[in-house]
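Notes follow once the structure below has been shown.
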Amino acid sequence: MRLDGKTVVVGVSGGIACYKACDVVRLLAAAGARVRVVMTAAAQRFVAPLTFQTLAGQPVATDTFDLTQESEIGHIRLADEADAIAIAPATANLIAKLATGIADDLLTTVLLAARAPLVLAPAMNVHMWEHPTVQENLARLVARGASIVGPESGWLACGYEGTGRLADPEDVVEEILRVLAPKDLAAQRVLVSAGPTQEPIDPVRYLSNRSSGKMGYAIARVARRRGAEVTLVSGPTALRPPPGVRTVSVTTAEEMARAVHAAFASASVVIMGAAVADYRPRRALDRKLKRTGRPLTLELEANADILRRLSTRKGRRLLVGFAAETNDLVSEARRKLADKRLDLIVGNDVTVPGAAFGGDTNVVHLIDADHHEEALPVLSKEEVAERILDWVAAHLPAAQRRSPLRRVR
Ligand code: PMT
């Protein structure tokens, strides 16, 4: 999701995690947002305003009583302009002031005057984090509509190990994107599969494919942003589970089938982005296969077609499949759409530059059961996810059945 035209105010309060807030600002600016940074006096002891100013490409506000800043930036204007406000790091002190309405510096004054959605990314010592006062203050802020991201557990700069580390900057930005996204998938339960499966040959070898999981993870992330409750069934990948998404990790096609079938009952939308192995070795050896120097034949047997089985229990659910092809993309995708009785198929020719495995972009051809089709240009996997979910949102049972695709036959 791009943030062009959106203003995000990033408040930085004083803690060692200030250095990570630089990354939050960098990521927001890269997404097209106009980023206005407001720093407390303590924050300026950790990172110089110039760092944030350079990353944001905008002046940094630090002082309510600075005449130049007040006339050029203005604390009420900052509050009014914000489409979203994120505080990273949010210290125990700042959280307490916010909960009780204290406005004794620029940042707390802006926060008191603001109406925009608020994201807090707390960071502090583990004992401070666990203190009942901090938890009560946070509960008050949550009750008033603030979203909290993190903190994470791990090694803390104060030398302790425990909960209190600032959330990953990508997760902070993800939460900002979530509060800004339209909620056209609210109340939907979206089941997404992603990644490859691995079919064991022996304890050290397996059959698999080149799927990285990026396409399916992007769908899960975007669906959650748009208000859905998301379950992601993922084969082995190197990706971090998307925040706020229930992620079920599996290895083989059989495990994926079990996990998908288990989550299917409560799903209203199913999107099978996984590259499920069609075959597995008939027998997985329990000892490492020795090299003999002679040719070796592996006997394979077919895995069940998960999607085709789901279609027999479809009910009112929307069923979306993918087709990964190296030739005859459109005819093969149409065949799979009919064969698996899908509502929408996302065909991708994996030989096309910019498409499919591993990369951050994809080139897809959308075909729905009402014969609407659209060939999309090279797009980021997130944009492809947006387009698939646009189709889903337009075809929810309660929605008007007006497809965003063109009718072709
Ligand atoms: O993971 P990335 O690196 O981001 O790459 C993305 C992708 C190329 C993996 C993705 O865009 C994609 O095309 N996924 C589906 C790959 C695939 O298995 O296509 P298929 O044509 O073989 O299968 C058709 C559909 O049936 C797919 O939705 C698949 O999930 C499903 N299927 C396949 C086999 C099987 N045994 N059970 C299934 O449910």
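Here are a few things to note about the model shown:
- A full extension of the chain between Arg2 and Asp360 corresponds to an added length of 127.4 nm, given 0.36 nm per residue minus the alpha carbon distance.
- Å² per residue, accessible surface of the range 189-402 at 1.4 Å: 49
- Protection proxy ranking, peptides 319-327, 291-299, 143-151, average beta carbon neighbours within 10 Å, highest first: 319-327, 143-151, 291-299
- Here the range 83-198 is assigned +1 on the Cβ of each Lys and Arg and -1 on the Cβ of each Asp and Glu. Its dipole about the Cα centre then comes out at about 400 debye.
- Label point distance in nm, Ala157-Leu298, each placed 7 Å from Cα along Cα→Cβ: 4.9
- Antiparallel DSSP beta bridges within the range 189-402, percent to nearest 5: 40
- Think of the chain as having a plus end and a minus end, set by charges on the Cβ of Lys, Arg, Asp and Glu; of Ala385, Phe46, Leu396, Leu396 sits farthest toward the positive end of this dipole.
- Each residue of the range 162-176 is assigned a 3J(HN,Hα), and the resulting list reads x, 8, x, 7, 3, 4, 4, x, 5, 6, 5, 5, 4, 5, 5 Hz, derived from the Karplus form 6.51 cos²θ - 1.76 cosθ + 1.60 (θ = phi - 60°), x at Gly and Pro.
- At q = 0.09, 0.15, 0.20 Å⁻¹, base-10 log of I(q)/I(0) for the range 59-197 (Debye sum, equal scatterers on each alpha carbon): -0.34, -0.85, -1.23
- Computed from backbone phi, the HN-Hα couplings of the range 13-25 come to 9, x, x, 4, 5, 3, 5, 6, 5, 4, 5, 4, 5 Hz, rounded to whole numbers (Karplus: 6.51 cos²θ - 1.76 cosθ + 1.60, θ = phi - 60°; Gly and Pro given as x).
- Across all C-alpha atoms in the chain, the radius of gyration and Dmax reach 24.6, 84 Å.
- Kirkwood-Stokes translational diffusion coefficient of the range 164-213, alpha-carbon pairs, 10 °C, 1.306 mPa s, µm²/s: 106
- Toward the positive end of the charge dipole of the range 7-180, with +1 on the Cβ of Lys and Arg and -1 on the Cβ of Asp and Glu, the farthest Cα among Val149, Leu138, Val37 is that of Leu138.
- Sorting the Cα pairs of the range 1-119 by distance into bins of 10 Å, from 0 upward, gives 15, 52, 32, 2 percent per bin.
- Positive-end residue, the range 290-409 charge dipole about Cα centroid, Cβ charges, pick of His372, Leu298, Gly359: Leu298
- Within the chain, DSSP assigns beta bridges of which about 35% are antiparallel (rounded to the nearest 5).
- Global form of the range 288-368, assessed from the alpha-carbon gyration tensor, a/c cut-off 1.5: oblate
- The label-point distance for Ala30 and Thr312, in a model that sets each label 7 Å from Cα toward Cβ, rounds to 4.7 nm.
The values are calculated or read from the model by the stated rules, or taken from the named source; none is laboratory data. Fair warning: this is a prediction, and the values are worked out from it, not measured in the lab. Because the Cβ atoms are built from the backbone with ideal geometry, glycine has one as well, and the counts that use them run over all protein chains shown. Heavy atoms of the whole protein, side chains included, go into the accessibility calculation; ligands, DNA and RNA do not. Shrake-Rupley method; radii C 1.70, N 1.55, O 1.52, S 1.80 Å.
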